[in-house]
Amino acid sequence: MSGTFGVFRIMNESYYQRNKIHILDWRKKNKDKPWYQWWNRKYSELRIKALQKISGLEHPLCIRCGCSNPKFLEVNHKNGRKGEKFKARLFWKAIVEGTRPTKDLEITCRVCNVIDFVEKTYKVRYKIEFLGA
Ligand SMILES: [Zn+2]
């Protein structure tokens, strides 16, 4: 897997650096567990692959707070959705297949996704801290 996403890792080096502590911390605590253990069947492999592709990371993280629990991770549209309508599955598929560019997308957790929306809409600022599981 890391080979496939190696290119993205390089592209997102700063992203990786910013979240390094969280990644290393999680890996240390979960040495013997597969990283995807948190995922239930509802979160398909397709979704995981899409999150990996957007983030450029094997273990996707929220870019704002570093939340690493994949259950909470969502795709955030940096500039708003601009009327783009899609069925989730088709959206994931297009990302994985490369037909939907990911430049305007980023990974945030559910909390930060809402905050991002509120900040943009009401021109306010929040500081969110992920304190772990
Ligand atoms: Zn977050």
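The values are calculated or read from the model by the stated rules, or taken from the named source; none is laboratory data. Quick caveat: nothing in here was measured; it's all calculated off a predicted structure. Cβ atoms come from the backbone with ideal geometry, glycine included; neighbour counts cover every protein chain shown.
Worth pointing out:
- In the stretch 71-78 there is at least one residue that is within 13 Å of the ligand (Cβ to nearest atom) and touching a residue at least 40 places away in the same chain (Cβ under 8 Å).
- Close contacts from the stretch 90-109, counting a first residue that is farther than 15 Å from LYS78 by Cα and touching a residue at least 24 places away in the same chain (Cβ under 8 Å) and a second that is of a type in the set (Gly, Ala, Ser) and crowded, with 20+ Cβ neighbours inside 10 Å, with Cβ to Cβ under 9 Å and a gap of 6+ residues or different chains, come to PHE91/ALA50; TRP92/ALA50; LYS93/ALA50; ILE95/ALA50; VAL96/ALA50.
- Among the residues making up the stretch 80-97, a single one is charged (D, E, K, R) and at pLDDT 90 or above: GLU97.
- Against the conditions (1) away from the ligand (no atom under 16 Å from the Cβ); (2) surrounded by 13 or more Cβ atoms within 10 Å (Cβ to Cβ); (3) part of a loop (DSSP other than H, G, I, E, B), LYS85 satisfies every one except (2).
- ARG100 being over 15 Å from the mean Cα position of the chain (by Cα), modelled with pLDDT of 80 or more and surrounded by 14 or more Cβ atoms within 10 Å (Cβ to Cβ): yes
- Every residue from the stretch 103-133 that is away from the ligand (no atom under 13 Å from the Cβ) and surrounded by 17 or more Cβ atoms within 10 Å (Cβ to Cβ): LEU105
- The one condition in (1) surrounded by 19 or more Cβ atoms within 10 Å (Cβ to Cβ); (2) away from the ligand (no atom under 15 Å from the Cβ); (3) at pLDDT below 75 that ASN19 fails to fulfil: (2)
For every residue, the table says whether it meets (1) more than 15 Å from ILE48 (Cα to Cα); (2) not hydrophobic (A, V, I, L, M, F, W, C).
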| position | (1), (2) |
| --- | --- |
| ARG81 | yes, yes |
| PRO101 | yes, yes |
| GLU106 | no, yes |
| CYS109 | no, no |
| GLU119 | yes, yes |
